[in-house]
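Below: the structure, in structure tokens.
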Amino acid sequence: MKVLVIGGGGREHALAWKLAQSPKVQAVYVAPGNGGTALDSRLVNVPVTDIPQLRQWALQEKIALTVVGPEAPLAAGVVDDFRAHGLRVFGPTRAAAQLESSKAFSKAFMKRHGIPTAEYETFSDPAAAHAYVDARGAPIVVKADGLAAGKGVVVAMTPAEAHEAIDFMLLDKQLGVSHNAGGARVVIEEFLQGEEASFIVLCDGRNVVPLASSQDHKRLLDGDQGPNTGGMGAYSPAPVVTPQVHARAMRDVILPTVKGMERDGIPYTGFLYAGLMIDAEGRPKTLEFNCRLGDPETQPILMRLRSDLFDVMMAATAGTLDQVDLQWDRRVALGVVMAAAGYPLQPRKGDAISGLPKPADDAMVFHAGTVQKDGALLTSGGRVLCVTALADSVKAAQQRAYEVVRGIQFDGAQYRRDIGHRAVQPARGRGNP
């Protein structure tokens, strides 16, 4: 069967790589793909991003399954369009994708359905937003209401930082973000203490299957310092997600969300990502929802998945996820992101990449911001590569990943040297798979 993966980042490279391993899949197409998917003989890049054009191509090619990777086409209604033309596609509809595409929608939904989250208010008026910060003080969190490629959140440790973020998002509008009604809007919420984890599940509208737990590192610099990014690395499993935390997350966050969406007349299908803050007592609160797999969490999660992803996706699109039992490698997977010079605000493009190793059973380099041009592999985005390794412990996975990282060169490459540091000597026991 033929499979299409929509997107061109590291998450999509990992999805295509895993789907291509299925004996039932004869070809995997990636639209538009990247330099890494172009290098893989089992994958074929399709240089199309326009949704109607891509749908026509999928119909002509008799694509059996489409998996949507990134948030932008989901928010634009690619699932609605493909389904309307009889194509089998895994992802949420445009209405369901509002859980990610509008922070205001998401927060109102959580409040309405009793899903634990931070206290918040929504503002389109800068003066009212500034007054709220003056009244509440800091630390406080300012979020752009819209899709901002992982860069629309400012954790302000001082009131001055919060005021600057408000002006940046509402007045300067440099993020290019507008909410679904057409204007700039921000959500300002309380700062939550604890440890973050990524809790990702598969949904078929009613049934839910959790993926392996994971944890990513959002800050640019070692020691969780510097600006927020789309993610500088991740590992799976996450020790903070103990069996008790896992049960609470399912009971208090995931199941009420899926049931709430169904009750609201917007059944949820697709990957659902809950970014959780877990307090010292193991109680999770929801920081955000994403309507897709996390990036870079996808890379270590799929390195550990032993089940046939094509079979899983077919069950998810048939409404039979209740019959799926995922199998996981017991080892730890850890991914280190190599980013371009100037990332996250002004990443440089066009630097030549060298030193890439051949894929190995215990190490894989997933591409994100890369492109092939005149026989050379060049940087083409902020996060360039995710070097992912499998080993018996977090420490061993770290060593293997960084061994590969050190062999790869491009000018201005930046990466953290402490991915997985919170799990090397975990305070809690090993979590769910």
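The values are calculated or read from the model by the stated rules, or taken from the named source; none is laboratory data. All of these numbers come straight from a predicted model, not from anything done at the bench. Quick reminder, even Gly has a Cβ in these numbers, built from the backbone with ideal geometry, and neighbours come from all protein chains shown. Just so you know, the surface numbers come from the protein's heavy atoms only, side chains and all, with ligands and any DNA or RNA stripped out. Shrake-Rupley method; radii C 1.70, N 1.55, O 1.52, S 1.80 Å.
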| field | Computed label-point distance, nm, for sites residue 134 and residue 57 using a 7 Å Cα→Cβ extension | value | 5.3 nm
| query | What is the distance, in nm, between label points placed 7 Å from the Cα along the Cα-to-Cβ direction at residue 171 and at residue 279? | reply | 3.5 nm
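Taking the solvent-accessible surface of protein heavy atoms with a 1.4 Å probe, what is the per residue accessible area of the stretch 1-94 in Å²? Don't skip to the end; give the middle numbers.
Values: 3540 Å² over 94 residues.
For the stretch 1-94, the per-residue accessible area is 38 Å².
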| Hey, what did the chain get for relative contact order, percent, Cα under 8 Å, at least 6 apart? | 17 percent
| remark: Relative contact order as a percentage, the stretch 281-352, C-alpha pairs under 8 Å and 6+ apart, gives 30 percent
| request: Can you tell me the FRET efficiency between residue 399 and residue 376 if r is taken as the Cβ-Cβ distance and R0 is 30 Å, rounded to the nearest 0.05? | output: 0.50
| query | At a Förster radius of 41 Å, what calculated FRET efficiency corresponds to the Cβ-Cβ distance of residue 127 and residue 219, to the nearest 0.05? | reply | 0.85
| query | Using a cut-off of 15 Å between alpha-carbon atoms, which aspartates and glutamates can reach residue 143, once sequence neighbours fewer than 8 places away in the same chain are excluded? | reply | 100, 119, 121, 125, 161, 164, 167, 172, 189, 190, 288
| query | Where in the stretch 68-97 is the amide nitrogen less than 11 Å from a point lying 7 Å along the Cα-to-Cβ axis of residue 49? | reply | 72-73
| request: Provide the percentage of antiparallel DSSP beta bridges, counting only those with both residues in the chain; round to the nearest 5. | output: 80 percent
| message | For the pairs 103/218; 358/395; 111/218; 111/285; 24/62; 218/373, flag any whose C-alpha to C-alpha distance is greater than 21 Å. | response | 358/395; 111/218; 218/373
| field | In sequence order, calculated HN-Hα J values of the stretch 402-417 (Karplus, 6.51, -1.76, 1.60; Hz; x Gly/Pro) | value | 6, 4, 5, 3, 5, x, 9, 10, 7, 4, x, 4, 10, 7, 7, 10
| For residue 30, which sequence-distant residues (separation of 5 or more, or a different chain) have an amide H within less than 5 Å of its own amide H, given hydrogens modelled in the peptide plane? | 5, 44, 45, 46
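How large is Rg/Rh for the chain, to two decimals, with Cα atoms and a Kirkwood Rh?
Working: Rg = 20.5 Å, Rh = 21.8 Å.
With Rh from the inverse mean 1/r over Cα pairs, Rg/Rh is 0.94.
Using a 1.4 angstrom probe on heavy atoms only, work out the carbon and sulfur share of the accessible area of the chain in %. List each step's numbers first, then the result.
Values: 8410 of 17090 Å².
About 49 percent, which is the carbon plus sulfur part of the accessible surface.
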| message | Rounded to the nearest 20 debye, what is the charge dipole size of the chain about its Cα centre when +1 sits on each Lys and Arg Cβ and -1 on each Asp and Glu Cβ? | response | 820 debye
| note | Per-residue ellipticity at 222 nm attributable to helices in the chain (runs of n ≥ 4 DSSP H, -39500 (n - 2.57) apiece, nearest 500 deg cm²/dmol) works out to -7500 deg cm²/dmol
| remark: Sorted list, accessible surface of protein heavy atoms, 1.4 Å probe, largest first, for 168, 109, 123 is 168, 123, 109
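With charges set only on the Cβ (+1 for Lys and Arg, -1 for Asp and Glu), what does the dipole of the stretch 62-146 come to about its Cα centre, in debye to the nearest 20?
Values: 10 positive and 9 negative charges, 82 e Å.
Result for the stretch 62-146 is approximately 400 debye, rounded to the nearest 20.
Rounded to the nearest 0.05, what FRET efficiency is calculated for residue 320 and residue 346 with R0 set to 56 Å and r the Cβ-Cβ distance? Each step should come with its number before you reach the end.
Details: r = 46 Å, r/R0 = 0.83.
Calculated transfer efficiency: 0.75.
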| query | Leaving out same-chain residues fewer than 8 places away, which aspartates and glutamates sit with a Cα under 14 Å from that of residue 2? | reply | 61, 311
| request: Would you grab the residues whose amide H sits under 5 Å from the one on residue 117? Only those 5+ places off in sequence or on another chain, please, with H modelled 1.01 Å from N. | output: 286
| note | So residue 311 and residue 259, fully extended at 0.36 nm per residue minus their Cα-Cα distance, gain in nm 16.2 nm
